[in-house]
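A short write-up of the structure that comes next.
The numbers here are math on the coordinates, done by the rules we state, and not lab data. In this text the structure is predicted, and so the values were computed from the model without any measurement. Here Cβ is always computed from backbone atoms with ideal geometry, including for glycine, and neighbour counts include all displayed protein chains.
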Amino acid sequence: MRPSISGEGKEVSARVWLVDTNIWLEVLLEQDRSDQAERFLKGIPDQNLAISEFSLSSIGLILVHRGASTHFQEFVDDILIQGNVHRAIVPSEEMPKIPNLMEKYGLDFDDAYQYCVANRLKAPIVSFDDDFDEADLQRFTPEQALAEDEDTSTQGPL
């Protein structure tokens, strides 16, 4: 049985978090840090989470390659059809920026794509990947993001 990764029933905060591919895969593949990733995904309402089209496609490729196409179908149903996770893309006119970001920050293509999405959404990225730390982008681990979200929601409106 696959783990549930929705954050249903939680109070909505104003912040949207871009969730990197590795966070979703930790849970889906039951990897070493899946507990941390799952706590984050369950602790934040779906409508406050975003997944990039690149992440979605990468997850699909990985799961189908591993013979887990049913898990991919369930994942899509869980977060997008039944859930309210935002699906984000890099628009065509911004795609040419990706190689520049790769060179400027030493990112690989998928990280530069994520950077563009996060920048467009004005959202921090939740990732275990410290490659983002060299970029002018806020990166949080799942535990840091949960703590930050709790701090923000307890402060209330300014």
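So for region 88-95 (the condition being assigned to a loop (DSSP other than H, G, I, E, B), within 13 Å of the chain's Cα centre (by Cα), surrounded by 14 or more Cβ atoms within 10 Å (Cβ to Cβ) and not hydroxyl-bearing (Ser, Thr, Tyr)), does at least one residue qualify? Yes - at least one qualifying residue is present in region 88-95. Would you confirm whether or not region 62-84 contains a residue that is closer than 22 Å to residue 141 by Cα, in contact with a Lys or Arg (Cβ under 8 Å, 6 or more places away or on another chain) and of a type in the set (A, V, I, L, M)? Checking region 62-84: not a single residue is closer than 22 Å to residue 141 by Cα, in contact with a Lys or Arg (Cβ under 8 Å, 6 or more places away or on another chain) and of a type in the set (A, V, I, L, M). The C-beta contact set for region 125-152 (first residue in contact (Cβ under 8 Å) with a residue 24 or more places away in the chain, second residue crowded, with 20+ Cβ neighbours inside 10 Å and among the basic types (Lys, Arg), distance under 6 angstrom, 6+ apart or interchain) comprises 125/139; 127/139; 132/139. Is it the case that some residue within region 20-36 is part of a loop (DSSP other than H, G, I, E, B) and crowded, with 18+ Cβ neighbours inside 10 Å? Yes, because at least one residue in region 20-36 is part of a loop (DSSP other than H, G, I, E, B) and crowded, with 18+ Cβ neighbours inside 10 Å. For region 55-81: of the residues being among the small types (Gly, Ala, Ser) and in contact with a helix residue (DSSP H, G or I) (Cβ under 7 Å, 6 or more places away or on another chain), which is nearest to residue 115 (Cα to Cα)? Within region 55-81, the match that is nearest to residue 115 (Cα to Cα) is 55.
The residue pairs whose first member lies in region 91-115 and is closer than 17 Å to residue 52 by Cβ, whose second member is of a type in the set (Val, Ile, Thr) and in a loop (DSSP other than H, G, I, E, B), and whose beta carbons are closer than 7 Å, counting only pairs six or more residues apart or on different chains, are 113/90.
Selection of region 121-136 for residues being buried (at least 21 other Cβ atoms within 10 Å of the Cβ) and either of a type in the set (S, T, N, Q) or in a loop (DSSP other than H, G, I, E, B) (or both) yields 123, 127. Residues in region 41-85 that are within 13 Å of the chain's Cα centre (by Cα) and among the β-branched types (Val, Ile, Thr): 44, 51, 59, 79, 85.
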